[in-house]
Every structure is written in C-alpha cells, then in structure tokens.
Amino acid sequence: MVDLHTHILPEIDDGSDGVDTSLAMLHREAEQGVAAVCATSHYYAKQNSIPSFCARRAEALERLTSALPEDFPRVLPAAEVAYFPRMEEQDLTPLCIQGTRTLMLEMPFADWTDLQTGTVEALALDCAYQVVLVHPERFCFSKSNRHQLEKLAQLPIGLQVNAGSLLRWGARRLALELLQLTDTPLLGSDCHNLTTRPPNLKEGRKIIMQKLGDAFLARMDRNAERLTA
C-alpha cells in the first residue's frame, strides 16, 4: 500500500508541526498497512523557487528520517504542485515523486480556463510527465469545471481522490464517480495531522472495496505502485 498524498514532513507547510507529529502520523500509517508515503508538501511558485523548495524539503526529510524506526513506512520526497502559468516550460522533475516523472498537480480553486487545461495536456503529452490531478472532487463546484475535468480524464493522467471524501456522505458519490471516470484511479489520505485530517487510507479503501469491488481496489494499488516505482 502506498499513500500518494501526505503532508507529513515536519514544519514545511500547513501539515505536520514537528518531528514528533510526523512520527505519530507515520506510526498510524504503518498500523493501517501502508508501506510507503509520498511527502507531497505544498509547492507554490510565487513563494519559492524550485531549488529553494527542494532544499527546505531535504532538510525536513533529513530531520524526519534520522528519527525514523526501521519498520516504519518509506518516505518518498515529492510535492503537491499548485498550477502556475507556463509551468510546462520549466523542468519540474525535482518536484515529481522521487525517481519518477509523476507530478502531483493541484489545479486552481476557480473555474478553469482553456489555457490552464491546455497546460495539463502539454505536461502529459508534450513533456511526458505522468500527471496526477489531486483531489479533483474539490474542483467540481461548477458545471464548467466538471466538463473540463471530464475532458482531462480522457488524457493519460491520474485522478487522486482523498480518502476523506469517501468517508463523508455528501462527497462520497462524487468521489466514486471520479474514480470511475479515469483509467488511472488513485487514492491518498491528504493527511495533515492526527486530529482534523489524520491518516485514513484504510477507511477509504474499505469504502472502495464495498462500492467498487476488490478488483477495482487492486487496480488502484497497481497504479500507485507503477507511479512510485
């Protein structure tokens, strides 16, 4: 099991507030059977250059791994990259999940323009990134975005739904629909802490198993393994 979306690195974004919290979060991940977590700290181009962000991430990762027990999940450096203009013109490899070209992309919290969705297409087709749109269920607040998302799902990209969305009655139906919309359905906890946004992959997987079946869940696991290998 891989948790593709976590804010588990200490004191780098709005996630873990320190090494002790990070270790407690990883302990909870281990209890749920997770073998690896992607440390997808927020990346905002207006706030950091890529080298500056990677240096901060490396420092936080070093502080965490130096205290990490051997039987805890592996931590894979990555980033939750917020869309920014002309991003397809930059080398985004340092922001991908380590050792891959898997780019975890957060789209704008507004109605998407053709230019923005065109950037996703360019990243996937021209730049050969394996683009994963994170928590797409958060962006379906308008018919326009839902239509744009349906078009994007025809590209060779992944859609990563948050486990928490599957656990809320009001969001579950949409989350399940989005997982079935793409050839590359994925799941992440998007955990930030131990209270309001804890690691909850196990609970989300249970809903998928109940609603979509064991074969669908196994397909999601294969997708996650492929994108992190």
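The values are calculated or read from the model by the stated rules, or taken from the named source; none is laboratory data. As the structure is a prediction and not an experimental result, all values here were calculated from the model. Reconstructed Cβ throughout: ideal geometry from the backbone, glycine too, with neighbour counts over all protein chains shown. Heavy atoms of the whole protein, side chains included, go into the accessibility calculation; ligands, DNA and RNA do not. Shrake-Rupley method; radii C 1.70, N 1.55, O 1.52, S 1.80 Å.
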Taking a crude spin-label model, label points 7 Å out from Cα along the C-beta direction, the Phe141 to Thr196 distance in nm is 1.7 nm
For Thr102, the residues 5 or more places away or on another chain with a placed amide H closer than 5 Å to its own amide H are Ile97, Gln130
In whole percent, the fraction of accessible protein surface over the stretch 111-178 that belongs to carbon or sulfur atoms, probe radius 1.4 Å, stands at 53 percent
Whole-Hz Karplus couplings 3J(HN,Hα) for the stretch 188-200, θ = phi - 60° and coefficients 6.51, -1.76, 1.60, Gly and Pro as x, run x, 7, 6, 6, 10, 7, 9, 10, 6, 9, x, x, 9
Once the in-chain neighbours fewer than 8 apart are removed, the lysines whose Cα is under 20 Å from Lys151 read Lys143
Quick calc: nm separation of the 7 Å Cα→Cβ label points for Ala58 and Leu181 -> 3.8 nm
Calculated from DSSP helices alone, with each H run of at least 4 adding -39500 (n - 2.57) and the total divided by the residues of the chain, [θ]222 nm to the nearest 500 comes to -12000 deg cm²/dmol
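Tell me the trypsin sites (Lys or Arg not before Pro) within the stretch 64-126 that lie in a loop according to DSSP and have at most 12 other beta-carbon atoms within 10 Å.
When the trypsin sites (Lys or Arg not before Pro) of the stretch 64-126 are filtered for loop state and at most 12 Cβ neighbours within 10 Å, Arg86 remain.
Placing +1 at every Lys and Arg Cβ and -1 at every Asp and Glu Cβ, with all other atoms neutral, what dipole size does the stretch 90-203 have around its Cα centre, in debye to the nearest 20?
480 debye
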The distance between the Cα centres of the stretch 34-82 and the stretch 91-141, in whole Å, is 19 Å
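Quick one: length gained pulling Glu89 to Ala110 fully straight, 0.36 nm per residue minus the C-alpha distance?
On the way: separation 21, 0.36 × 21 = 7.56 nm, distance 2.27 nm.
Length gained, Glu89 through Ala110: 5.3 nm.
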Pseudo-spin-label distance Gln47 to Arg168, built 7 Å along Cα→Cβ, given in nm, is 2.1 nm
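So if each residue of separation counts as 0.36 nm, and I subtract the Cα-Cα distance between Asp126 and Asp221, what length gain in nm does that give? Walk me through the intermediate numbers first.
On the way: separation 95, 0.36 × 95 = 34.20 nm, distance 2.67 nm.
Result for the pair: 31.5 nm of gain on full extension.
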Note, the stretch 73-80: 3J(HN,Hα) by Karplus (6.51, -1.76, 1.60, θ = phi - 60°), whole Hz, Gly/Pro = x, goes x, 5, 10, 9, x, 7, 6, 9
Read-out Cα extents along the principal axes in Å, candidates (i) 73, 38, 36; (ii) 49, 37, 29; (iii) 45, 43, 29; calculated match is (iii)
The correct ranking of Met104, Met209, Met1 by accessible area at 1.4 Å, largest first, is Met209, Met1, Met104
Whole-Hz Karplus couplings 3J(HN,Hα) for the stretch 168-180, θ = phi - 60° and coefficients 6.51, -1.76, 1.60, Gly and Pro as x, run 9, 4, x, 10, 4, 4, 4, 4, 5, 4, 5, 4, 8
Counting sequence-distant residues (5 or more places) and residues on other chains, those with an amide H built under 5 Å from that of Arg74 are Ala36, Val37
For Leu9, other-chain or 5+-apart residues with amide H closer than 5 Å (H placed, Pro excluded) are Ser16
